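> Have a look at this one before I ask anything.
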Amino acid sequence: MRHLTHDLLAPVPGTARQIHSFHYGPQDGACKIYIQASLHADELPGMLVAWYLKQRLAELENAGRLLGEIVVVPVANPIGLEQVLMDIPLGRYEMESGQNFNRLFVDLSLQVGDDIADRLNDDPAHNIALVRQSLRAALEAQVAGTQLQSQRLTLQRLACDADMVLDLHCDFESVEHLYTTPEAWKKVEPLSRYLGAQASLLATDSGGQSFDECFTLVWWQLQERFGHRFNLPMGSFSVTLELRGQGDVNHALASRDCQALINYLIHFGAISGDISIPPQLLYPATPLAAVEPVATPVGGLLVFCTQPGEYVEAGQLIAEVIDPIGDGVTPIHTLNAGLLYARSLRRMATAGMVIAHVAGTEAYRSGYLLSP
């Protein structure tokens, strides 16, 4: 195992933060896997899973079972981890800029495409290596102007040449679910099965240039540009794993999720061993554009009538918003049928607030598909 420390740009003299990456297995092996946790620093279930993974990967490395390099970054956001205001963690947005830590990663698709245009050929292995080399060089040439940009670039540089990128998150209150692309679903389906994901949400470009899509979009856009002339496969796929809710930080769940990831990495071919048959898929993959963000038109006490993991019908009552002064009760209904996979942690709603998400089957939204 190699433990590397990556210094971030210090915002003022006398302060310093680092990203720590742990590298297991051969660097020139069959593949490279990149796994990070808690990019939203108040989403901690993945950090405990990463801790379990480090122990397991060390054992597997000592046993000679790692066929490729597996990189683990257990704390992907030291900036946000330190943002605690009056005992309340504020790990989703940077307090200085107001930007979401998981948005606005640099898009280098056009630059990489221009760089490789005259060097592509009919050899897919050559083309994949060429894209990775160009993307790595383009990221190294980027100069960060802020600590947040420094953090984003550090993470992108660590993962840019990986065959698989796993980004461990969680929601507020939710069942296990994941996000990936339609193009990657065939590869990701066993992971959904091993994890017991109750929703698998697919989109090629959900908007916002999030961490997972800053890699897949490069390959997708290069395929759109050159795929009619050259054999250029998708050289990477990414998955955002939502490991239930913010309060689900415990050894039983983390060890279970760790084992599910190990099972998947064996299935993928990154670890040698007997492949265990993936369990049944709990819910079919559905378009992210079919997700209904259920909002309340009024503010007040939020009382849910449904639990995460319940299938709801179109028009079903899922919550009530109660005005404790005027005594009014506003029922909140879904528009569409689907799986209610996540809901708000807050119990005092404000007018216009999204209180739950329902995974439907028919796409009806477009443009920016993510939460703020």
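The values are calculated or read from the model by the stated rules, or taken from the named source; none is laboratory data. Small disclaimer: the values here were computed from a predicted structure and weren't measured. Note that each Cβ is placed from the backbone with ideal geometry, even for glycine, and that neighbours are counted across all protein chains shown. Just so you know, the surface numbers come from the protein's heavy atoms only, side chains and all, with ligands and any DNA or RNA stripped out. Shrake-Rupley method; radii C 1.70, N 1.55, O 1.52, S 1.80 Å.
> When Y341 is evaluated against the numbered criteria (1) more than 30 Å from L66 (Cβ to Cβ); (2) assigned to a loop (DSSP other than H, G, I, E, B), which criterion, by number, is the only one it fails?
(2)
> Of all residues in region 187-196 being farther than 12 Å from L241 by Cβ and either part of a loop (DSSP other than H, G, I, E, B) or touching a Pro at 6+ places or on another chain (Cβ under 7 Å) (or both), which is least open to solvent (accessible area, probe 1.4 Å)?
Within region 187-196, the first condition is being farther than 12 Å from L241 by Cβ, and the residues that meet it are 187, 189-190, 193.
Then keep just the ones that are either part of a loop (DSSP other than H, G, I, E, B) or touching a Pro at 6+ places or on another chain (Cβ under 7 Å) (or both); that gives 190, 193.
Values: P190: 17, R193: 66 Å².
The qualifying residue least open to solvent (accessible area, probe 1.4 Å) is P190.
> Regarding region 209-221, can at least one residue be identified that is open to solvent by 10 Å² or more (accessible area, probe 1.4 Å), touching a residue at least 60 places away in the same chain (Cβ under 8 Å) and outside any helix (DSSP H, G or I)?
yes
> Related question: Under 7 Å by Cβ, and 6 or more places apart or on different chains, what pairs join a residue from region 136-155 that is surrounded by fewer than 20 Cβ atoms within 10 Å (Cβ to Cβ) with one that is among the hydroxyl-bearing types (S, T, Y)?
These pairs meet every condition: A144/S150.
> Consider region 223-246. How many of its residues are touching a Cys at 6+ places or on another chain (Cβ under 9 Å), open to solvent by 10 Å² or more (accessible area, probe 1.4 Å) and not in a strand (DSSP E or B)?
Qualifying residue count for the region: 1.
Quick grid of which residues meet (1) of a type in the set (S, T, Y); (2) in a helix (DSSP H, G or I):
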| site | (1), (2) |
| --- | --- |
| L48 | no, yes |
| W51 | no, yes |
| Q55 | no, yes |
| E59 | no, yes |
| V72 | no, no |
| V75 | no, no |
| G80 | no, yes |
| S97 | yes, no |
| N102 | no, no |
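> Just for region 197-208: of the residues that are open to solvent by 20 Å² or more (accessible area, probe 1.4 Å) and either in a helix (DSSP H, G or I) or in contact (Cβ under 8 Å) with a residue 24 or more places away in the chain (or both), which one is nearest to T180 (Cα to Cα)?
Of the residues in region 197-208, the ones open to solvent by 20 Å² or more (accessible area, probe 1.4 Å) are 198, 202, 204-205, 208.
Those still in the list that are either in a helix (DSSP H, G or I) or in contact (Cβ under 8 Å) with a residue 24 or more places away in the chain (or both) too: 198, 202, 208.
Working: Q198: 14, L202: 5, G208: 15 Å.
Per the stated criteria, the residue is L202.
> Please enumerate the residues belonging to region 293-340 that are touching a Gly at 6+ places or on another chain (Cβ under 6 Å) and surrounded by 21 or more Cβ atoms within 10 Å (Cβ to Cβ).
Within region 293-340, V321, G338 qualify.
> Of the residues I88, I116, only one is crowded, with 18+ Cβ neighbours inside 10 Å and of a type in the set (A, V, I, L, M); which?
On inspection, the qualifying residue turns out to be I116.
> Just checking, how many residues over region 341-372 are open to solvent by 40 Å² or more (accessible area, probe 1.4 Å) and of a type in the set (V, I, T)?
Result for region 341-372: 3.
> List the pairs whose first member sits in region 333-349 and is of a type in the set (F, W, Y), whose second member is open to solvent by less than 10 Å² (accessible area, probe 1.4 Å), and whose Cβ atoms are under 8 Å apart, counting only residues at least 6 apart or on separate chains?
Correct list of pairs: Y341/H177; Y341/A199; Y341/V358; Y341/A359.
> Of all residues in region 105-130, how many are part of a loop (DSSP other than H, G, I, E, B) and either of a type in the set (G, A, S) or closer than 16 Å to T216 by Cβ (or both)?
5
> Filter region 302-331 for residues that are assigned to a loop (DSSP other than H, G, I, E, B) and among the β-branched types (V, I, T); which is nearest to S174 (Cα to Cα)?
T306
> A follow-up question, please. Can you give me the number of residues within region 260-278 that are surrounded by fewer than 14 Cβ atoms within 10 Å (Cβ to Cβ) and of a type in the set (A, V, I, L, M, F, W, C)?
2
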